[in-house]
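Notes for the one structure printed next.
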Amino acid sequence: MSGQLPYLDPNRPIEERVEDLLARMTLEEKAGQMFHTMVMIPPDGEFNVEMGAFGLASIGEMTDKHMTHFNLVGSAGAGETAAWINQLQALAASKRLGIPATMSSDPRHSFSDNPGAHMATAAFSQWPEAPGLAAIGDEALVEAFADIARQEYLAVGLRSALHPVADLATEPRWARVNGTFGEDNQLAAKLTAAYIRGFQGADLDAESVACMTKHFPGGGPQLDGEDPHFDYGREQVYPGGCFDYHLPPFEAAFAAGTAMIMPYYGMPMGTEHEEVGFAFNKGIITGLLREKYGFDGVVCTDWGALTDANIMGENFPARAWGVEHLSLPERIVKSLVAGIDQFGGEACPEALVEMVRSGQVSEARLDVSVRRLLRDKFRLGLFENPYVDEDAAAHIAGNAAFRAAGELAQRKSVVLLKNAGLLPLRGRPKLYVENVNADVAAQYGELVDEPAAADIAILRLKTPFEPRNKLFLEAFFHAGDLDFKEPEKSRLLAIMSEAPTIVDIYLDRPAVMPDIAEACTGLVANFGANDAAVLDVIFGRFKPSATLPFELPASMEAVRAQHPDAPHDSLDPLFEHGYGLSY
């Protein structure tokens, strides 16, 4: 076969194979490569060509449109996932040129479960969120985590990681803080590079998972901390003059060889750049990314920048910020002129085909992007073998060694913030607990039903947020105020008046909690850790050593007064960046 189809010959240089395949492709086949959308696996792993995701076209329709890049949504067992992806690969192989599918995924190894950002997967090992890795601050550990995640992705057939997040947590209210490595750009740069090395290796090859580093040129400096998934969060602002502060993590990603880059939705306000979303911004994509940094990999828009979508029965407008007035063809042209190669979360290659036929876009412009996209497929070895061993997948993903490494990292990431002399706890005290599994807590003490009957109360809390459920996805993005409101704050303080209380706070964003920090006897913070991991630290079975990857503000007034683009700038923080105690 390789003699008849030169692009299948693995002994030929990849550049030649790309050109040979490109010369054989129809306009429709080229356009299909430039769309990267979602497909959903059901919990039982049953493959169904009629299934799409979130109201988009079905798998059958998308493959009929020659699409071969798919973002897997949902989760099933490792063996079931491998079998499901193998069936999709077989469907791709049945098409005229047999171009294999590139299967991608958002992060799957932590505790967050947000269909717009994360996808918790029980079949994989479980690790702290990215701020927890930053709290540990160990490049070698981050690379080891990424290497384990690579092996688990590879085992089930996932070949593209829609991460790492190289953004910075300079705006504490932003809903994506828990995907970042914190607010320090130098630490984030080191950990971003280590993450990419673990997923991709020294070179992209058949053992790699290609990274799509996001969100260039740095999400995070959002007006009032609102997220640009939604129209009220579309403005990205730089009142502190810190645009360049957000670039070093991306510079580190380029040096580490990231295969792909994703710009964010936001529109930069008050800078030298056009005030349109980054996916439409030529000064950012061509001027900064392509020309200044010399990046020649794939640039893919964030999901849904072109068209409105119907998600769970609700209309979800396109995140075409600054170009809402443009038609679909005009938006596509502006993105292509900006330097975009691929449209994420979209399934309308027929619109691009029509634009070429009507003379609005040249086929040569498509060739520029399709070359990059095909090059990655060849580098990943997908043309040689797109299939995975379904039996082996279940033994590799989530194996005992990988899970143990994740458990250890959870413990290492817990930060001790306050100790009034009671920690670590000893013996088997009478415990009153909230938000702790009773069976787990019973391994550490005797459980009681009321704080007054307890020697110690242990409360596991989460950073507060303001529910905004006008749209389906809003329920998953924690935004707004960070402080505990009444009557919940008084209830918690009442417990602390009845018994010495250890508080554990999950910091998916920096909590504002001065009253609770003052009233509690001990305070620890986690960034994704199970009950046993936190209790091991509280009871001294694991010695805390982590430090805060971002500061904890003293008040909401201080949060509102700080600059969204500047690090470490809230007035008199309750706990400073880098703070952490030990025993």
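Every number in this text was worked out from the coordinates using simple rules, so none of it is lab data. Because the structure is predicted, anything quoted here is derived from the model rather than measured. Using ideal geometry, Cβ is built from the backbone for each residue, glycine included, and neighbour counts are taken over all protein chains shown.
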Please compute the modelled spin-label separation between Arg491 and Glu28, points set 7 Å along Cα→Cβ, answer in nm with one decimal. 5.9 nm
Quick one: if you stick a label point 7 Å off each Cα along the C-beta vector at Thr271 and Tyr387, how many nm between them? 4.7 nm
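Full extension from Asp481 to Glu50: what is 0.36 nm times the residue separation minus their Cα-Cα distance, to one decimal in nm?
This chain segment gains 151.0 nm when fully extended.
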Residue by residue through region 446-455, which ³J(HN,Hα) values in whole Hz follow from phi under the Karplus form 6.51 cos²θ - 1.76 cosθ + 1.60 (θ = phi - 60°), with glycine and proline marked x? 8, 7, 10, 8, 10, x, 5, 8, 9, 6
Per residue, the convex hull volume that the Cα atoms of the chain enclose (Å³): 142 Å³
Search the structure for amide H atoms under 5 Å from the amide H of Met38, placed 1.01 Å from N in the peptide plane, and list their residues when 5 or more places away or on another chain. Asn71, Gly345
Taking 0.36 nm per residue of separation and subtracting the Cα-Cα distance, what length does fully extending Val73 through Asn469 add? 140.4 nm
Please state the Cα pair-distance histogram of region 73-227 with 10 angstrom bins from zero: what percent is in each bin? 11, 39, 33, 14, 3, 0
Between Pro549, Ala82, Ser327, whose Cα lies farthest towards the positive end of the dipole of the chain when Lys and Arg beta carbons carry +1 and Asp and Glu beta carbons carry -1, centred on the Cα centre? Ala82
Within region 265-283, list the residues whose amide N lies under 14 Å from a label point set 7 Å along Cα→Cβ of Arg365. 280-282
If amide H atoms are built 1.01 Å from N in the plane of the peptide, which residues on other chains or at least 5 residues away come under 5 Å of the amide H of Val433? Val448, Ile458
Kindly rank 398-408, 279-289, 54-64 from highest to lowest mean number of other beta carbons found within 10 Å of each residue. 279-289, 54-64, 398-408
Output row, site His395, 7 Å Cα→C-beta label point, backbone N cut-off 18 Å, window region 69-88, residues 78-83
For Thr501, distant residues with modelled amide H under 5 Å away: Ala457, Thr521, Gly522
Total charge dipole magnitude, the chain, about the Cα centre, Cβ charges on Lys, Arg, Asp, Glu only, Debye to nearest 20: 780 debye
Plugging the Cβ-Cβ distance of Ala206 and Ala561 into 1/(1 + (r/R0)^6) at R0 = 51 Å yields, to the nearest 0.05, a FRET efficiency of 0.45
When the helices in the chain are scored as -39500 (n - 2.57) per DSSP H run of 4 or longer and the sum is shared across all residues, what 222 nm value do you end up with, to the nearest 500 deg cm²/dmol? -9500 deg cm²/dmol
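Extension gain Ala140-Leu91, at 0.36 nm per residue separation less the Cα-Cα distance, in nm?
13.7 nm
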Summing +1 per Lys or Arg and -1 per Asp or Glu among the other residues with Cβ less than 12 Å from Ala175's Cβ gives -4
Classify region 469-583 as rounded, prolate or oblate, taking a ≥ b ≥ c as the square roots of the eigenvalues of its Cα gyration tensor: rounded when a/c is under 1.5, otherwise prolate if a/b is larger than b/c and oblate if not. rounded
Once label points are set 7 Å from the Cα along Cα→Cβ at both Gln186 and Ile14, what is their separation, rounded to one decimal in nm? 3.4 nm
Report for the chain the percent antiparallel among DSSP-assigned beta bridges with both residues inside it, nearest 5. 20 percent
Tail weight of P(r) past 25 Å, computed on alpha-carbon pairs of region 309-464, percent: 65 percent
Provide the FRET efficiency to the nearest 0.05 for the Glu354-Ala453 pair, computing r from the beta carbons and using R0 = 60 Å. 0.25
From the phi of every residue in region 422-433, what ³J(HN,Hα) in whole Hz does the Karplus formula 6.51 cos²θ - 1.76 cosθ + 1.60 yield, where θ is phi - 60° and glycine or proline is x? 8, 8, x, 5, 10, x, 10, x, 6, 10, 9, 10
